Amino acid sequence: MKNTPRPMAEEKTGEVMEKIVSLCKRRGFIFQSSEIYGGLNGFWDYGPLGAELKRNIKDCWWRSLTQRRDDVVGLDASIIMHPRIWEASGHTSTFSDLMVDCLLTRKRFRADQVDPQSGIAYFYSGARDEATGKQCADPFSVLVPRGKPPESARKTARQFYQQRGLENPTPEGERAEPIESTTRYNPENGSLLTEPRPFNLMLKTYVGPIESADNLSYLRPETAQAIFVQFKNVLDVSRQRVPFGICQIGKAFRNEINPRNFTFRSREFEQMELEFFVRPDEVVQKMAGSVAGLADPQATAALDTPQTNWGWELWHKYWVEQRLKWYESIGLSRDRLVEYWQKKDELAHYARATVDILYKFPFGTQELEGIAARGDFDLKQHQQFSGKSMEYFDEEAKAKYVPHVIEPSAGVDRLALALICNAYCEDQAPDEKGNLETRVVMRFHPRIAPIKVAVFPLLKNKPDLVSKAKQVRDLLRPHLTVFYDEAGAIGRRYRRQDEAGTPFGVTIDFDTLGEKGPELKDTVTLRDRDSMKQERVKIDELAAVLVQKVS
Ligand code: GAP
């Protein structure tokens, strides 16, 4: 028992999030963007450990699709594209959130994020300044909790009319009314909000030397559209045949009204998107004589192996399963994930079905990825707007058609946050004298851990140990991300690596030098972060042992 770490008692979720945010800054996972200038809401920077983590996530995703399969190829498109693309995709007309503004402070909220409140609403028809005789006829209203005196509503109303040019206003025409579950008032100060108005989330910029409407462009709000507009080019050069996919990783920008929950909803973020093109069901029917769907028990039981008679439903379910397996492979267990099938009234107008993969964050169960069956909406839109054919001739099916698409679309930053939350753990572990102390340990899956192995000489002031440790470091470096540390007591060095989430620690001690006999010469201790168990491994075998553990 002595060396086994023990979990701590459950904590409140707010406290856990505070600790995670603070660890992210302290250990260099995530910093506030532009921090020395006071920060910029909705933008984040990744420090040394965060940058490695993100890179590992993207590499794992990319490899799982492009290297481990024959039917997916990659794309790396520009962020700014022809503005007509966003007309075709519907983003210029419909990519908006309803927002409301506080009439007092001008603070903006997403209409669907205002919590319902109850209380007494005070209505005013206007106000008058007795001393100057000035009047304002703007109506205003304030919601105050039941039991609070009307004076508190009048105080807020006076502020409102002062902002409209009355120095010492007396609100007029006061009328009080009890109200239940309203979302028309600012929960922070009770002031009335504006009526909900659509707010387009695309960030605008100008391309070229003249800032005119003709030169208006957008920072892409998703990476997906580039895949659709390059569909034909990729098809021509890659020798792929439907069904096949094109994937892309890249930055996306959305002028979110309320960025929140740390990096969860940001204004600049990265997406990992796959557009997987499949045959329309009519073509499958003609070719295979039938279309297998979700109602077919035989087909759903063998979802790992795509079949020619699969319709879009099975391809969609196949990708949901593939994506869930991928999340498991990087350490998010199924019990922390939720597969949410959007209801009919929640679906985007072009989607036939959408499954959201949600993760149980400390601040709630929220979306990591959406997997949508988008039909042929996107290719047809671009065909219509560009005037270029998006049709494909299927030699096997002997048919010409616009392919349909299944789109698994994930956020890199959201996943990094989920992995950080998932990894965060406090336990009690024995210090060098055997006394239990609290240890913060990031239990990242070795596959995505920022640093894979730390190498320590037992003592810094023994040149033989140091030079051997450096030899081991150099031996491992071509294979893995290695961190070499010789500063401080060995226990403290382990703790630092536990906090960074490094799964393995290698210590070079006097046994390595053969001081206790030839049998342990050229062996090292390999410590496992989670179990804290130590084993002796031959230096010659170390790289192979570690590569096997992290891949
Ligand atoms: N092409 C489809 C598409 O973009 P989406 O649900 O809007 O769909 C896909 O975005 C994924 O991108 C989300 O599941 C999420 O992981 C990530 N994402 C979207 N908006 C985000 C934001 N403001 N901040 C961080 N990640 C975001």
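The values are calculated or read from the model by the stated rules, or taken from the named source; none is laboratory data. Note that the coordinates shown come from a computational prediction; the quantities given were computed from them, not determined experimentally. Positions of Cβ are generated from backbone atoms using ideal geometry, with glycine treated the same way; all protein chains shown enter the neighbour counts. Ligands, DNA and RNA are stripped out before the accessible areas are found, and what is left, the full protein with its side chains, is counted by its heavy atoms. Shrake-Rupley method; radii C 1.70, N 1.55, O 1.52, S 1.80 Å.
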Exercise for the section: Could you identify the single residue in Arg536, Arg527 that is in a strand (DSSP E or B) and surrounded by fewer than 19 Cβ atoms within 10 Å (Cβ to Cβ)? Expected result: Arg536
Exercise for the section: Go through Glu313, Glu328, Glu367, Glu282 for me and flag whichever is within 13 Å of the ligand (Cβ to nearest atom), in the same structural domain as Asn56 (by TED's automatic domain parsing) and open to solvent by 10 Å² or more (accessible area, probe 1.4 Å). Expected result: Glu367
Fill in the blank from the handout: All conditions in (1) under 30 Å from Asp394 (Cα atoms); (2) outside any loop (DSSP other than H, G, I, E, B); (3) touching a residue at least 12 places away in the same chain (Cβ under 8 Å) are true of Asn233 except (3)
Exercise for the section: Go through the stretch 219-242 residue by residue and tally those that are β-branched (Val, Ile, Thr) and open to solvent by less than 20 Å² (accessible area, probe 1.4 Å). Expected result: 4
Exercise for the section: Output the number of residues of the stretch 479-495 satisfying the condition of being open to solvent by 60 Å² or more (accessible area, probe 1.4 Å) and without any contact (Cβ under 8 Å) to a residue 12 or more places away in the chain. Expected result: 1
Exercise for the section: Filter the stretch 243-263 down to residues that are open to solvent by less than 10 Å² (accessible area, probe 1.4 Å) and within 10 Å of the ligand (Cβ to nearest atom) and give me whichever is nearest to Val405 (Cα to Cα). Expected result: Ala252
Practice task
Please work out which residue is most open to solvent (accessible area, probe 1.4 Å), limiting yourself to the stretch 187-205 and to residues that are closer than 16 Å to Tyr124 by Cβ and outside any strand (DSSP E or B).
Solution key: Asn189
Problem - Boolean, Ile257 is of a type in the set (Val, Ile, Thr) and modelled with pLDDT under 95 - result: yes
Practice task
Considering every residue within the stretch 289-307, establish whether at least one is more than 16 Å from the ligand (Cβ to nearest atom), part of a helix (DSSP H, G or I) and either charged (D, E, K, R) or in contact with a Pro (Cβ under 8 Å, 6 or more places away or on another chain) (or both).
Solution key: no
Exercise for the section: Considering each residue of the stretch 206-218, count those that are open to solvent by 40 Å² or more (accessible area, probe 1.4 Å) and either within 14 Å of the ligand (Cβ to nearest atom) or aromatic (Phe, Trp, Tyr) (or both), and give that number. Expected result: 1
Exercise for the section: Being part of a helix (DSSP H, G or I) and either in contact with a strand residue (DSSP E or B) (Cβ under 6 Å, 6 or more places away or on another chain) or touching a residue at least 12 places away in the same chain (Cβ under 8 Å) (or both) is the filter here, so list the residues in the stretch 146-156 that pass it. Expected result: Pro150, Ser152, Ala153, Arg154, Thr156
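For (1) open to solvent by 50 Å² or more (accessible area, probe 1.4 Å); (2) within 16 Å of the ligand (Cβ to nearest atom); (3) of a type in the set (A, V, I, L, M, F, W, C); (4) assigned to a strand (DSSP E or B), each residue gets a yes or a no:
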{"site": "Ala418", "(1), (2), (3), (4)": "no, yes, yes, no"}
{"site": "Cys425", "(1), (2), (3), (4)": "no, no, yes, yes"}
{"site": "Phe456", "(1), (2), (3), (4)": "no, no, yes, yes"}
{"site": "Leu459", "(1), (2), (3), (4)": "yes, no, yes, no"}
{"site": "Val472", "(1), (2), (3), (4)": "no, no, yes, no"}
Fill in the blank from the handout: The strands (runs of 3 or more DSSP E) lying wholly within the stretch 27-128 that contain at least 3 residues that are surrounded by 15 or more Cβ atoms within 10 Å (Cβ to Cβ) and at pLDDT 95 or above are 30-32, 72-75, 117-124
Exercise for the section: Might you let me know whether the stretch 382-405 holds any residue that is over 16 Å from the mean Cα position of the chain (by Cα) and β-branched (Val, Ile, Thr)? Expected result: yes
Practice task
Could you list all residues from the stretch 397-418 that are of a type outside the set (Ser, Thr, Tyr), in contact with a helix residue (DSSP H, G or I) (Cβ under 7 Å, 6 or more places away or on another chain) and over 14 Å from Glu222 (Cβ atoms)?
Solution key: Ala397, Ala399, Val402, Pro403, His404, Ile406, Leu415, Ala416
Exercise for the section: Any chance you could count how many residues in the stretch 489-522 are at pLDDT below 95, of a type in the set (Gly, Ala, Ser) and in contact with a Lys or Arg (Cβ under 8 Å, 6 or more places away or on another chain)? Expected result: 1
Practice task
Count, please, the residues in the stretch 157-171 that happen to be in contact (Cβ under 8 Å) with a residue 40 or more places away in the chain and either among the hydrophobic types (A, V, I, L, M, F, W, C) or open to solvent by less than 70 Å² (accessible area, probe 1.4 Å) (or both).
Solution key: 4
